[in-house]
Amino acid sequence: MFRNSMFGYYFDLALRSFRRNKVLTALMVLAIALGIGASMTTLTVFHVLSGDPLPGKSHTVFYPQIEPRSMGGFVPGEEPSEQWTRFDAEALLRDAKGDRQAMMSGGAVAVEPQIEGLAPFYADARYTSADFFPMFELPFAHGKGWGAAEDSASARVAVISAALNEKLFGGGDSVGRTIQLDQQTFQVIGVLDEWRPTPRFYDLTNTRYGEVEQVFLPFSTSRALELGTSGNMNCWEPVGDAGDDGGNYSINAPCAWIQYWVELDSPEKVDAYERYLVNYSDQQRAAGRFERPTNVRLRDVMGWLDYNGAVPGDVRLQVWLAMGFLLVCLVNTVGLLLAKFLRRSTEIGVRRALGASRRAIFAQCLVEAGTIGLAGGVLGLGLALLGLWGVRQQPTGYAELAQLDAGMLLLTFVIAVVASLLAGMLPAWRACQITPAIQLKSQ
Amino acid sequence: MADIRPILSTLRRHKTAAALIVLEVALSCAIICNAVFLINDRLQRMDRPSGLAESEIVRVQLAGIGRDDNAEALSREDVAALSAMPGVKSVALTNQLPFANSSWNSSVNLAEEQQIPNLNAATYLGDELLLETLGLRLVAGRDFTPDEYVDWSVFSEPGSTVQPHSIIITRAMAERLYPGEDAIGKQLYTWGEEPYRVVGVVEHLIRPNENGGPSEVQLSMILPIRVPFTIGSNYVLRTDPDRREEVLKAAVATLDKVNPNRILMEHETMQQTRADYYAQDRSMAWLLIAVIVGLLVVTALGIIGLASFWVQQRTKQIGVRRALGATRGQILRYFQTENFLLATVGIVIGMALAYGINLMLMERYELARLPAIYLPVGAVALWLLGQVAVFGPARRAAAVPPAVATRSV
């Protein structure tokens, strides 16, 4: 009770002090608000971009790597190839040593809507295999993904996004309807709900923060129809005789262009899978297909994002900049608080002479600093919202993701108050060192 | 400057406040030096020559629906129709363009069987009018002759051994491959098994994107391979700068007339493409400018606040000095000199800090070393800022009447 009432009294003293010294107080609040606004804007963007795209599951989903490249350009100690050849991806998919596994590549298909007045357009596509949907827990509004049977039959089936469903069929349950993709008829077997993993972890060679694809087709079908792909392709030798009609995309082409993911539910399975990758590589070396020393990696989702440096360098730089800015604002606040407290030396001297302990003076000063921090936090929140609005106007793939959530909101106030309390420490300590006698003497 | 000794002894009694001003100036100075450097880095990036006659070029990207077995004939028809349009100086079809969305890259070797390639270069493919349409400037050798061209369909046929034997490279690539020598007539290996002979060197041709990093941005080569519109699909039209919009609109209509069953992907002026490509750098530069302004304002506020406090605290001391014969000018100069001394100490520490931050940036962001020229820029900015900020409080100090000395409070 006593503490509470003293707190209230100090708070009242703080407000009186603000009124007495409006300009100085406003300067401090403004400085903290600028620092908080800048750092919360950049931290929010960083937080959004470095988040877990597969919450609850990211530690059981892995991106394996093996080394299929030839000796040309070999540098010992180098990381293995980041993508897979079609031969190896299909071999691993057949072996099915993980709990779930999927191979995939990005692509684009021409969509011909059967609607008067809607011109054909290109839609981003993902060519993948059956486990893609359960492994990444894609939410379905209608229907479901395809199974192994459709994969092996190169079936003309498609899963489409909510947006494409809206555009082509005006929403609703479109399972069973057909769409024209690259002049071929596909049957819609599933319609997705909103799904926006951030970053778009499963293929970092394409846009990392963009929306997910509009069409999902079996990988086997995409090869049977020779649909166009997008992303990176690295060929280490001329395709030459290895290429049948598929050229770079044929099964034996010495080209890496496929992403491969595997789900492993326990640490034992992870160890076993790593051994399996080593065995597979050794066998391929023995068969003469692989030339470089066996070199495998098995990273989980966050590890893979980290390795690829998924968060853009500019965003990280902005966080550093904002932190530097906040630091200058805090040093500034320390100085201004010091000036403010020491200006009141006489008043503090009188309070000390009347029996206030050093502790009480210290507490009073900290309450004043904390109150300034809170005010700075409120104003800083406004500035952060303005800053995030500014980020959303930028032409980047992640622009619309720059939104403040409840956690970041809370963090804003915590940082503001903690920062201003820290800034208040030194001035408050100086203030409570004031000896009553000297101050009274000079009167 | 005779004032310095009393200033120092006064500052010694106000160590904390003095240290805070020094610290604030030092931090601001360090950040501002690096921010100016980063801005300049972005501006230089945005100013890199592409080699293209950008103000005269418009581009159109088309995509077919499904497989088009007749793409080469259709492409010839397109180019003929586009060339016949009024206001069009020349038309070319290429696999890629600077600042557009995709890039082709190949490793280049000087010897036939080579473990580590000499370098990796962007691979431009195009027809007879590519150099002229892009406005590339040949600085040595010649353009391709008509008999040197190969059609994409022939080149890419499975098992085909047909390949061109001439190549045009950029000056940067020539200097990298053949330092100090004349590149014309030299051999290199890239696409296919047989060697290419360098027939021409162009001044600049920027890579389509950042592949290879800042030091390899001008490593590009042109192969005389005629591509159909299904390979990258970049129709490039050269026209008068003030007819670009008109030509762009007409080109879209013309291509639609040749074959309406295609999808228009992009159509814009090369300047627009470039502006979009550098949008991120531009906004980063503006952000850095905002940070600099913010830092200057906050630092100035801090100096004003502490200087005002000092003036108030020393009112009596000032009054005594005035009563003992100090002029207003001397009081004014006293505070100005004090601020100059504090700013100088801050700037010296700030320089060291700036250098430290730069080392960190060099490590993390592949930036160059901070050129020494940025240090005086930051120093002068903060000296000026300090003097401007302290002027108000100092004038108030100078206005203290000598009579204050006689009052008790």
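Values in this text are rule-based calculations from the coordinates and carry no lab data. Not measured: the values here are computed from a predicted model. Reconstructed Cβ throughout: ideal geometry from the backbone, glycine too, with neighbour counts over all protein chains shown.
Helix A:267-286 and the long axis of chain A differ in direction by around 40°, with both axes built from C-alpha atoms.
Among the residues of A:337-344, the average count of other protein chain beta-carbon atoms within 10 Å of the residue beta-carbon is 4. Cross-link partners of B:K186 among aspartates and glutamates, defined as those whose alpha carbon lies under 15 angstrom from its own and excluding same-chain residues fewer than eight positions apart: B:E112, B:E175, B:E194. Label points 7 Å out from Cα along the Cβ direction at A:E274 and B:E181: separation in nm? So the label points at A:E274 and B:E181 sit 4.8 nm apart. In summary, the protein assembly as shown shows an alpha-carbon radius of gyration equal to 1.20 times the 2.2 N^0.38 Å reference for compact globular proteins. Taking the Cα atoms only, what angle lies between the long axis of helix B:15-46 and the longest principal axis of chain B, rounded to 10 degrees? Between helix and principal axis, roughly 20 degrees. Partner lysines whose Cα lies under 18 Å from the Cα of A:K22, excluding those fewer than 8 positions away in the same chain, are identified as A:K340. For A:K57, a cut-off of 18 angstrom between C-alpha atoms picks up these lysines, skipping any fewer than 8 places away in its own chain: A:K269.
With respect to chain B, whose longest principal axis is taken over its alpha-carbon atoms, helix B:71-83 is tilted by about 70°.
The residues B:V162, A:V188, when put in order of fewest to most other Cβ atoms within 10 Å, stand as B:V162, A:V188. Residue exposure proxy: B:M265, B:M173, ordered by other Cβ atoms within 10 angstrom of their Cβ from fewest to most, comes out as B:M265, B:M173. When the GluC sites (Glu not before Pro) in region B:202-290 are filtered for DSSP coil states and for at most 14 other beta-carbon atoms within 10 Å of their beta-carbon, the remaining sites are B:E210. For region A:330-443, the Cβ-based charge dipole about the Cα centre amounts to some 760 debye (Lys, Arg positive; Asp, Glu negative; other atoms uncharged). Here the residues A:M40, B:M221, B:M46, ranked from fewest to most Cβ neighbours within 10 Å of their Cβ, fall in the order B:M46, B:M221, A:M40.
Pop the C-beta distance of B:A81 and B:E193 into the FRET formula with R0 = 35 Å and round what comes out to the nearest 0.05. After rounding, the FRET efficiency stands at 0.40.
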